[in-house]
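Structure first, then comments.
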Amino acid sequence: MYFVYILQSEKNGKYYIGSTSNLERRILEHNSGKTRSLKYLIPLKVVFKKKFETINEAIKIERKLKIMKNRSIIEQIVKDQNLKMGP
């Protein structure tokens with residue numbers, strides 16, 4: 001099982017998108033400062049997660065979300081808890 005997840009900084013409200021096979025471990029790594037690029041954002045909370053059967057599916061969605069870099073779309077996904085990304 002693989003996950004695409006969206007984290008939100010409790011410090012400044014910024015979002016981070018990622019994918020992993022072990023969500024709990026990955027969140028602990030992020031919040032412990034092991035992810036250098038996120039150190040200034042901790043603490044982080046999970047605001048969205050979705051399961052996928054394969055790593056390829058998860059990476060495809062993660063990349064699509066990161067390419068969009070549209071805060072309003074990310075906020076809508078978090079609000080609806082749904083990955084619908086367009087009309």
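The table that follows gives values for the structure above.
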| item | result |
| --- | --- |
| Selection from VAL47, ILE74, THR35, by position along the positive dipole direction of segment 13-87 (Cβ) | THR35 |
| Environment charge of THR35, counting only residues whose C-beta is closer than 11 Å and scoring Lys/Arg +1, Asp/Glu -1 | +3 |
| Greater than 18 Å apart at Cα, pairs in LYS11/LYS39; LYS50/LYS84; LYS39/LYS84; LYS39/LYS79; LYS11/LYS45; LYS49/LYS79 | LYS39/LYS84; LYS39/LYS79 |
| Kirkwood-based Rg to Rh ratio, segment 1-78, C-alpha trace | 0.94 |
| Trypsin sites (Lys or Arg not before Pro), loop per DSSP, at most 16 other Cβ atoms within 10 Å - longest free stretch of the chain | 35-68 |
| Neighbour net charge for LYS69 - beta-carbon separation under 13 angstrom, K R +1, D E -1 | +3 |
| Those GluC sites (Glu not before Pro) in segment 48-87 that DSSP places in a loop and that have at most 13 other beta carbons within 10 Å | GLU53 |
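Bear in mind these aren't lab numbers, they're just calculated from the coordinates by the rules spelled out. Being a predicted model, the structure only gives us computed values, none of them experimental. So basically every Cβ, Gly included, is an ideal-geometry build from the backbone, and we count neighbours across all protein chains shown.
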